[in-house]
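I have placed the structure first, in the form of structure tokens, so that the comments after it can refer back to it.
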Amino acid sequence: MRIAVTYENGNIFQHFGHTAHFKIYDVVDGEIINEQIVNTLGSGHGALAGFLSGNNVNVLICGGIGDGAKMALKDAGIQLYGGVSGNTDEAVKSLISGKLNYNPFVKCSHHEHGHSCGNNSCGEDKHGCGGN
């Protein structure tokens with residue numbers, strides 16, 4: 001299994017569409033066998049699902065994420081665990097052990113009038129989340 005996590009300074013970046021890096025973990029038999037930080041090379045909302053698919057990612061852990069990105073991930077066959085915050089390594093370990101606390105209904109709707117990132121700050125005050 002290959003797991004990607006939106007990444008910033010060791011923690012889960014809270015706005016999927018603006019993430020500059022993913023931390024990607026290769027997991028075999030419940031053990032992390034490899035991890036790497038990859039640059040998204042400026043890919044935005046629409047291109048990130050293709051970026052992940054091109055890197056053979058099966059699972060994504062992130063904070064806030066919009067409906068369009070959720071659909072693109074679904075179309076790419078990538079399982080989503082959104083509404084997660086905290087340390088990336090701990091989140092992956094929690095997922096592997098079946099104990100990850102996530103929000104299956106996470107919605108990041110900054111393109112609309114309100115803004116909600118699954119009870120998480122998206123790190124950008126211009127969206128009204130209060131920043132990190």
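Taken together, the values in this text are just the output of simple stated rules run on the coordinates, not laboratory data. Remember, predicted model here, so these are calculated numbers, not experimental data. Note that each Cβ is placed from the backbone with ideal geometry, even for glycine, and that neighbours are counted across all protein chains shown.
Separation between the Asp67 and Met1 pseudo-spin-labels, each 7 Å from Cα along Cα→Cβ, expressed in nm?
2.9 nm
Would you kindly state how much longer the chain becomes between Asn101 and Asn58 on full extension, computed as 0.36 nm times their sequence separation minus their alpha carbon distance, in nm to one decimal?
On the way: separation 43, 0.36 × 43 = 15.48 nm, distance 1.85 nm.
Gain in length upon complete extension: 13.6 nm.
Could you work out the local net charge near Ile24, counting Lys and Arg as +1, Asp and Glu as -1, over the other residues with Cβ closer than 14 Å to its Cβ? Walk me through the numbers before you get to the answer.
Working: positive: Arg2, Lys23; negative: Asp26, Glu35, Asp89.
Around Ile24, the charge tally is -1.
What's the FRET efficiency of Asn87 with Ser43 using the Cβ-Cβ distance as r and R₀ = 30 Å, to the nearest 0.05?
Numbers: r = 24 Å, r/R0 = 0.80.
It comes to 0.80.
All other residues with a Cβ under 12 Å from the Cβ of Val92 taken together, and with Lys, Arg as +1 and Asp, Glu as -1, what is their net charge? Numbers along the way, then the final one.
On the way: positive: Arg2, Lys23, Lys93, Lys99; negative: Asp26, Glu31, Glu35, Asp89, Glu90.
Neighbourhood net charge equals -1.
If packing is taken as the average number of other Cβ atoms within 10 Å across a peptide's residues, how do 5-16, 94-105 rank, most packed first?
Top of the packing list down: 5-16, 94-105.
Rounded to the nearest 0.05, what FRET efficiency do Glu35 and Asp75 have when you use their Cβ-Cβ distance and R0 = 35 Å? Please report the intermediate quantities before stating the final value.
Working: r = 26 Å, r/R0 = 0.75.
Efficiency, from the Cβ-Cβ distance: 0.85.
Can you sort Ile65, Ile32, Ile78 by how many other beta carbons sit within 10 Å, fewest first? Numbers along the way, then the final one.
Values: Ile65 28, Ile32 14, Ile78 18.
If I rank by nearby Cβ atoms, fewest first, I get Ile32, Ile78, Ile65.
So which aspartates and glutamates pass the test for Lys107, namely a Cα distance under 18 Å, with those fewer than 8 places away in the same chain ruled out?
Straight-distance partners of Lys107: Asp67, Asp75, Glu124, Asp125.
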